[in-house]
Ligand code: FES
Ligand SMILES: [Fe+2]
């Protein structure tokens, strides 16, 4: 007897609008050290964070590290095959245990005085134990555990031992995103770059499309930056961004422009037949893309047609932006600098589905860089990178009194509202 699989579908209905007011958004949140410290105490320690991909801890001994404000965390697969996370700090005198972002180890060995832990966090060895008159009790000197859970092929961590379960934190997201089957995706491109701006200056820039006209005028050829659906959920938000259609701001709404022609060609469509029928071109593009992907062994049967042409763009509070393009998942992670509100790290990863029956491809090297001149191999992101330092610099001016936000920017308002609520809670 065949069992019908429960239908997975990403909900597309518009969420009700919360009342968020129209106040100016204070600027201290972007530039003050005091605010940054409060974020460290009250926000970064409480949330669930996307730490990395399970592929990066595929085998026992594989590990990766991440910085969360002033903390550092190491995620490792232990000898029993379990994924574990620890504060990345030696219990002797506080040295960082692992300084490299990724690698393979047999144990967690501190290079300073060679204290050593097994991969499950239990103490393995201390040189010259007889010189510690107070003893070296293993239960006191165990590595400090960090909670971790897996969803969608990613390892998530929280520094809060009392945090709600990951699924509860994610709220609507599993229902919305499970139809993509991200666990069948593998990393294809990986970048990490330091930018001269606050991490929220960066988050904000990816929470509105209002700046497309100014910073990315070229995308008006294939992206509708006006008829975007905005959904504000509990903590998280999304945009449904129509693509494969010109912006209403673009002059020629009749003829397929050269960018649309190229995109159509990529799925075998000759766009010249679509003069005056650009909506039809978008529909046919979706069908052709579905056929091409299915033929290539990528199961897109749980996706609606728009998901094959559009950008389903989610912001997972606090620091994840997802651009989901039907056969590509782009992840941006916006990390704060540990001590400087004017700096951040921007991680950009592209994941692609692994076709049925094919081996997972080898992991690409991480391209690391510094500043706006470091190219992310993407025109739009490079434009954002060049713009952001000027925003950060300008916000320090006494001539700036805080952000005056439009309705197009209400994801920003919602994001900061969520953050304010967290910061209002005692640690
Ligand atoms: S600080 Fe790690 S062994 Fe001494
Ligand atoms: Fe942008």
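Quick one: which of 123-133, 224-234 comes out on top by average Cβ neighbours within 10 Å, and what's the full order, highest first?
224-234, 123-133
How high is the relative contact order of the stretch 48-162, given as a whole-number percent (alpha carbon pairs under 8 Å, six or more residues apart)?
27
Taking Cα centroids, how far is the stretch 128-157 from the stretch 41-82 in Å?
Taking the Cα centre of the stretch 41-82 as reference, the centre of the stretch 128-157 is 13 Å away.
May I ask you to derive the FRET efficiency for residue 304 and residue 226 from their Cβ-Cβ distance with R0 = 25 Å, giving the value to the nearest 0.05?
Result of the calculation: an efficiency of 0.75.
Note down the nm distance, to one decimal, between modelled labels 7 Å out along Cα→Cβ at residue 259 and at residue 17.
2.8
For residue 134 and residue 277, FRET efficiency with R0 = 56 Å and r from the beta-carbon atoms, rounded to 0.05?
Efficiency, from the Cβ-Cβ distance: 0.10.
Using helices alone, what [θ] at 222 nm do you get for the chain, with -39,500 (n - 2.57) per DSSP H run of 4 or more residues, divided over all residues and rounded to the nearest 500?
It comes out at -6000 deg cm²/dmol, rounded to the nearest 500.
If we sort 170-177, 30-37 on the protection proxy, mean other Cβ atoms within 10 Å, highest first, what's the order?
Result, highest mean first: 170-177, 30-37.
Between 251, 205, 15, where does the largest GNM mean-square fluctuation fall for the chain, given springs only between Cα atoms within less than 10 Å?
251
Antiparallel as a % of all DSSP beta bridges within the chain, to the nearest 5?
95
Just to verify a number: FRET efficiency for residue 194 and residue 142, C-beta to C-beta distance, R0 = 30 Å, to 0.05?
Efficiency at R0 = 30 Å is approximately 0.35.
Relative contact order (percent) for the stretch 132-250, with alpha-carbon contacts under 8 angstrom and 6 or more residues of separation?
That works out to 15 percent.
Using Cα pairs under 8 angstrom and six or more residues apart, how large is the relative contact order of the chain, in percent?
The normalised contact order for the chain reaches 21 percent.
Please give the contour-minus-distance gain from residue 339 to residue 71: 0.36 nm per residue of separation, less the Cα-Cα distance, rounded to one decimal in nm.
Length difference between fully extended and current span is 95.4 nm.
So what's the chain giving for Rg/Rh, alpha carbon basis, Kirkwood Rh from the mean inverse pair distance?
Across the chain, the Cα-based Rg/Rh ratio is 1.00.
Could you work out how much longer the chain between residue 358 and residue 38 gets when fully extended? Use 0.36 nm per residue separation minus the Cα distance between them, nm to one decimal.
That pair, residue 358 and residue 38, stretches by 110.5 nm at full extension.
Between the stretch 260-294 and the stretch 325-348, what is the C-alpha centre distance in whole Å?
Answer, in whole Å: 33.
Throughout, read-outs are computed from the coordinates displayed, never taken from laboratory work. Everything numeric here is computed off the predicted structure, so don't read it as measured data. Note: ideal-geometry Cβ built from the backbone for every residue, glycine included; neighbour counts use all protein chains shown.
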